[in-house]
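Engineer: Dumping the structure here so I can ask a few things about it.
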Amino acid sequence: MSIEKGAKVAVIGDGGWGTTLALLLHSKGYKVSVWGPFADYLKLLDKKRENPKFLPGVKIPKDISFSADIQEVISAAALIVLAVPSHFLRGVLSTIKKEEVSGSVILSAVKGIENDTLMRMSELIRDVWGEVKLAVLSGPTISYEVARAIPTTSVASSEDIRVAREVQDVLISESFRVYTSSDVVGVELGGALKNVIAIACGISDGLEFGVNTKAAILTRGLVEITRLGKILGAKAETFAGLSGLGDLVTTCISTHGRNRWVGEQIGQGKKPKDILARMEMVAEGVKTTKSALMLAKKHNVEMPITAQVYAVLYEDKEPKIAVSQLMLRGKKAE
């Protein structure tokens, strides 16, 4: 059963990615309503018809509505898209009863791993709401480009492939191609863990290292992601696809990537806490680094790049020392 054109769609999150998905869904003929936590900012969006903090320069059609009343936004929605920062997701979901979403398809567009529980976002959603009709969306999807209809590809994944195909039908367009997958573990881990490696690439950029260095970080970073993913039940081939390698490359090279930018600032000598204090947007990789290292230790998986990124972010290690220790690790075969 497909979601009919003209059906109501709720987008939970008024950041860059939430706004971008709202625009995409509107262009496909759906009635879109967006929830955000701050009523005053939503009034600004409604008046300006632009998201100046998170997606400047992109006009928002007048028939996309905004509300700080989450029950109003999700009421009678055929599809509910979750697009809030990962560390806020549990709190937001807890304001909604399961029966309020039982008739909706839930699409998680959130990339992260919860620090306290080490749950992926689909696990967190089911922890709060129980069994729901659920898919996740991931891939190399910089909102700046998607919102401007620059050709982009992504992956909709669900344990029930029929749900993934429903989401594929809803989102696919001339500029946004959607593939399906049943490997939810791999798709979610690829989307979350690439942000850690992007911070490492940013540090390399900030230190003014070269392409050789970035290629090494990307390649060995993908090895780390795949190594942990396989232990957690993902398929190795997923990490060679759009939600793995594709997302990793995009996040590590794009000048619009928040995680790479954070790393670059650190490489230039700024302190992580000072950088984060003045950011409007959320760099998911900072919190995900902590979760990733905890998962690595829990499952006895070697993740040296992740460990050094953690040391730089949380233990005030000098980036050049972290790089030196990576380079001088014990000799190994590839």
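The values are calculated or read from the model by the stated rules, or taken from the named source; none is laboratory data. The shown structure was predicted, so the numbers you read here are calculated from the model rather than taken from an experiment. A quick note on method: Cβ atoms are made from the backbone with ideal geometry, for glycine too, and the neighbour counts reach across all protein chains shown.
Engineer: Going through region 291-334 one residue at a time, which ones are of a type in the set (S, T, N, Q) and either touching a helix residue (DSSP H, G or I) at 6+ places or on another chain (Cβ under 8 Å) or surrounded by 21 or more Cβ atoms within 10 Å (Cβ to Cβ) (or both)?
Structural biologist: Start the filter on region 291-334 by keeping residues that are of a type in the set (S, T, N, Q), which leaves 291, 300, 306, 308, 324-325.
Result: S291, T306, Q308, Q325.
Engineer: Which number in (1) assigned to a helix (DSSP H, G or I); (2) without any contact (Cβ under 8 Å) to a residue 12 or more places away in the chain marks the one condition that K317 misses?
Structural biologist: (1)
Engineer: May I ask you to verify whether T180 is over 17 Å from E302 (Cα atoms) and in a helix (DSSP H, G or I)? Quick ask: steps written out before the conclusion?
Structural biologist: On the way: over 17 Å from E302 (Cα atoms): yes; in a helix (DSSP H, G or I): no.
Spelling it out, it is not the case that T180 is over 17 Å from E302 (Cα atoms) and in a helix (DSSP H, G or I).
Engineer: Also, I was wondering about something else. Does region 95-112 include one or more residues that are modelled with pLDDT of 95 or more, polar (S, T, N, Q) and part of a loop (DSSP other than H, G, I, E, B)?
Structural biologist: yes
Conditions (1) crowded, with 24+ Cβ neighbours inside 10 Å; (2) of a type in the set (D, E), marked per residue:
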{"site": "D169", "(1), (2)": "no, yes"}
{"site": "E174", "(1), (2)": "no, yes"}
{"site": "V187", "(1), (2)": "yes, no"}
{"site": "E208", "(1), (2)": "no, yes"}
{"site": "N212", "(1), (2)": "no, no"}
{"site": "A216", "(1), (2)": "no, no"}
{"site": "T226", "(1), (2)": "no, no"}
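Engineer: Follow-up question, since we're still on this one. Restricted to region 220-258, and to residues that are of a type in the set (A, V, I, L, M, F, W, C) and assigned to a loop (DSSP other than H, G, I, E, B), which residue is farthest from A109 (Cα to Cα)?
Structural biologist: The initial filter retains those residues of region 220-258 that are of a type in the set (A, V, I, L, M, F, W, C), namely 222-223, 225, 228, 231-232, 234, 236, 239-240, 242, 245, 248-249, 252-253.
Of the ones still in play, those that are also assigned to a loop (DSSP other than H, G, I, E, B) are 232, 234.
On the way: L232: 21, A234: 19 Å.
Selected residue: L232.
Engineer: Could you list, ordered by first residue, the pairs with Cβ atoms under 8 Å in which the first is in region 81-100 and not assigned by TED's automatic domain parsing to the domain that holds N115 and of a type in the set (V, I, T) and the second is part of a loop (DSSP other than H, G, I, E, B) and at pLDDT 95 or above, at least 6 apart or interchain?
Structural biologist: none
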